[in-house]
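The values are calculated or read from the model by the stated rules, or taken from the named source; none is laboratory data. Because the structure is a prediction, the values reported are computed rather than measured. Quick reminder, even Gly has a Cβ in these numbers, built from the backbone with ideal geometry, and neighbours come from all protein chains shown.
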Amino acid sequence: MFGNESYINYDKKLITDKNLENKLLLIMAYLRLNASYDGYVGLTLNHLITDIGYKPDRHEGAINDQIKIILQEMIDDKSLYLIPAIKLNELNVKQFFYIVINDEESSIFNIKKTTKYVQLSRGEYDKITKCKTKLDKARLLRIYLNIKKFVNTSDGIKEEDRVAYPSMRVISRDCGITIGGNVDDAIKELVKLNLIYEHVTGSYKDDKGNTKNANNVYALSKQGISKAEERMLDYYNVDCFYKVASPKKKQKQSIPKQKPS
């Protein structure tokens, strides 16, 4: 059923679903990465919650309840089922039970040959779930996946071409969150974790003399980001970039980044 692969593939349509509960992505990763060949995962709720990067909390509406609700929704849409067939709302957080993953066509775990997907490895999962941060781990994962989905990771692609430059607006839209500090802070954390490498491009002058901020460049390796400056100069067809333009202040023209000769 699953073999011994230490990764999970997410349907790109799933990770851009506006109604998606972010923690679902973490739960999917936990189950897929810990499943036996035939899709069985032995666990307790305490272990699941801890492994995805949270602290168990039995207060009403807190993480314990949130995870039970998500698991029940996955059961209802036949993506998984429990052994024994217990009621989640009656489940003790220390009680051992089995989850069986269903990867048939109706399941969110099902990846068809025609599915466009983005892959998450165990190493990437561990970096996000085990990092010490005040940011929400589930949101961090979703933003990472929605940046990574733009990077061409196909075989035969040169490392310097494994880059993407989605705008902050697109990243925010695909993650279902408001543009601003939430995305900025998450990207900074992902850079700190060496999950992505970021090139801050800066601003440029369009053909009407207006100052505009260019998209930043994202890569999965240092080598991938090495030619980002040259790539963006060609993309915007300009000779240089300036400092990032403030939305409140007029852009200064000092110290431009020059296009390589």
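Data table
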quantity	calculated
Selection count, the range 24-53, where residues are farther than 20 Å from residue 119 by Cα and either of a type in the set (Val, Ile, Thr) or out of contact with any Ser or Thr (no Cβ under 9 Å at 6 or more places or on another chain) (or both)	11
Output for the range 175-209, where each listed residue is of a type in the set (A, V, I, L, M) and not in a loop (DSSP other than H, G, I, E, B)	183, 186, 187, 190, 191
Verdict on residue 40 being in contact with a Phe, Trp or Tyr (Cβ under 8 Å, 6 or more places away or on another chain) and of a type in the set (Ser, Thr, Tyr)	yes
Filter pass, residue 155 being surrounded by 15 or more Cβ atoms within 10 Å (Cβ to Cβ), acidic (Asp, Glu), farther than 15 Å from residue 32 by Cα and not assigned by TED's automatic domain parsing to the domain that holds residue 37	no
Candidate set from the range 89-136 (those that are touching a Ser or Thr at 6+ places or on another chain (Cβ under 8 Å) and among the charged types (D, E, K, R)); member that is nearest to residue 69 (Cα to Cα)	94
The range 184-198 residues that are on the phi < 0 side of the Ramachandran plot, paired with ones that are at pLDDT below 95 and surrounded by fewer than 20 Cβ atoms within 10 Å (Cβ to Cβ) (beta carbon under 7 Å, 6 or more apart)	197/221; 197/222
Selection within the range 62-82 - assigned to a strand (DSSP E or B) and free of Cβ contacts under 8 Å to residues at least 24 places away in the same chain	81, 82
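Residue by residue, here is whether (1) within 22 Å of the chain's Cα centre (by Cα); (2) farther than 22 Å from residue 131 by Cβ; (3) crowded, with 19+ Cβ neighbours inside 10 Å holds:
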{"position": "23", "(1), (2), (3)": "yes, no, yes"}
{"position": "32", "(1), (2), (3)": "yes, no, yes"}
{"position": "36", "(1), (2), (3)": "no, yes, no"}
{"position": "48", "(1), (2), (3)": "yes, no, yes"}
{"position": "63", "(1), (2), (3)": "yes, no, no"}
{"position": "93", "(1), (2), (3)": "no, yes, no"}
